[in-house]
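These notes concern the structure reproduced below.
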Amino acid sequence: MAWPFPRIFAHRGGGVLAPENTMAGLAAGVAHGHNAVEFDVMLSADDVPVLMHDASFGRTVAGRGNIALLPASALVKLDAGAWFDAAFEGETIPTLADALAYCRAQGVFMNIEIKPAPGRDKRTGEVVAAAARDFLKTLAGGRGGILLSSFSAVALGAARVVAPDVPRGYLLHRLKAGWGARLHELECVALHCNHELVDAPLMEAARSREVGVFCYTVNSLKRARELKAFGVDALCTDRIDLIRSDFFAERNS
Ligand code: G3P
Ligand code: MG
């Protein structure tokens, strides 16, 4: 396929430069010249999509227990920045609506990773896809856009039912038997894979299914160049300072 999306995505917003999945993270990506961003979205207990990677408190947000057991009204008050650096104390958990509004204003393209809390795959896929569909309806020719992705085939299947026209990528950390058929069933436009999986047979398999290849998470220029030589279409990076938005366009990159 001719890849119709941006090629470099700032991973979790600000990569290594700002706390992940926060508004400060999104702003860091933009400040470093990125026009495309990846972030993770989970549902609160009351089905509000929020930016969050982990199912449990303890790493980016202090506390113990399951994040998805709290309502959004409680989650949005919690600090998601202090763990990263004291300078980011006070950064809270954004809602998906916050991120959509920011990306609309900045013209930033989003790879929204649907990251369901355990047992919430279907509902998370439905809610995130509906939000993406509604956003795209009102974008109408504006800059930016959305590519959904998920490791959860259930979430992607639910997204396909709710919003068949919002493009989807199937995330794979390890190659599972039947991945190509699954990608086809889910009508995905891209394989989103761990970059370590890339080799000539994988590229050939993706090409034969007419899907793109998006790699995560590529943090060295040397590896990014190798992937480019393999014909990878896009990648996300934490090193938003090193791998710039025009990486694929540069002749000697
Ligand atoms: O979407 C690509 C990448 O973000 C997947 O892994 O754990 O960083 O969400 P993770
Ligand atoms: Mg992610």
For a quick check of understanding: with a 1.4 angstrom probe and all protein chains in place, what accessible area in square angstrom does residue 123 have, to the nearest ten? 100 Å²
For the chain, with the dipole built from +1 on Lys and Arg beta-carbon atoms and -1 on Asp and Glu ones, taken about the Cα centre, which of 157, 229, 42 lies farthest toward the positive end? 229
Estimated inter-spin distance, residue 225 and residue 122, nm [label 7 Å along Cα→Cβ]: 5.0 nm
Rounded to whole angstrom, the alpha-carbon centroid of segment 168-193 lies from that of segment 127-156 at a distance of 18 Å
Karplus-derived HN-Hα couplings along segment 156-168 (A = 6.51, B = -1.76, C = 1.60, θ = phi - 60°), whole Hz, x at Gly and Pro: 5, x, 5, 5, 5, 5, 6, 9, x, 8, 7, x, 10
DSSP-defined beta bridges in the chain - what % are antiparallel, rounded to 5: 15 percent
Please give the length that would be gained between residue 97 and residue 161 if that part of the chain were fully extended, namely 0.36 nm times their separation in residues minus their C-alpha to C-alpha distance (nm, one decimal). 20.9 nm
Quick check for me: using +1 on Lys/Arg Cβ and -1 on Asp/Glu Cβ, what's the dipole size of the chain about its Cα centre, in debye to the nearest 20? 420 debye
If the reach is capped at under 29 angstrom between alpha carbons, list the lysines near residue 115, excluding any in the same chain fewer than eight residues apart. 77, 137, 176, 228
Kirkwood-type radius of segment 88-183, with distances r between different C-alpha atoms, in Å: 14.2 Å
Of 235, 242, ordered by accessible area with the largest first and a 1.4 Å probe, the sequence is 242, 235
The ³J(HN,Hα) series, computed from each phi in segment 222-239 with the Karplus coefficients 6.51, -1.76 and 1.60 at θ = phi - 60°, rounded to the nearest Hz and given as x for glycine or proline, is 4, 5, 4, 5, 4, 5, 4, 5, 5, x, 4, 8, 7, 8, 10, 9, 7, 8
Accessible area, probe 1.4 Å, largest first, for residues 57, 88, 151, 214: 151, 88, 57, 214
What are the GluC sites (Glu not before Pro) within segment 60-124 that DSSP puts in a loop, where the Cβ has at most 16 other Cβ atoms within 10 Å? 89
In whole Å, what is the distance between the alpha-carbon centres of segment 1-24 and segment 214-253? 12 Å
How compact and how long is the chain, expressed as Rg and Dmax of its alpha-carbon atoms in Å? 17.2, 49
What are the ³J(HN,Hα) couplings of segment 124-138, residue after residue, when phi is run through the Karplus curve with 6.51, -1.76, 1.60 and θ = phi - 60°? Round to Hz, x for glycine and proline. 5, x, 5, 5, 5, 5, 5, 5, 5, 4, 5, 4, 5, 4, 8
How much of the accessible area of segment 134-209, probe 1.4 Å, is carbon plus sulfur, in whole percent? 55 percent
Whose amide H sits under 5 Å from the amide H of residue 11, counting only residues 5 or more places off or on another chain, with H placed in the peptide plane? 38, 237, 238
So how much slack lies between residue 139 and residue 174, counting 0.36 nm per residue of separation and subtracting their Cα-Cα distance, in nm? 9.1 nm
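The values are calculated or read from the model by the stated rules, or taken from the named source; none is laboratory data. Keep in mind it's a predicted model, so treat the numbers as computed, not measured. Please note: Cβ atoms are built from the backbone with ideal geometry, for glycine as well, and neighbour counts cover all protein chains shown. Ligands, DNA and RNA are excluded from the accessible area calculation, which covers all protein heavy atoms including side chains. Shrake-Rupley method; radii C 1.70, N 1.55, O 1.52, S 1.80 Å.
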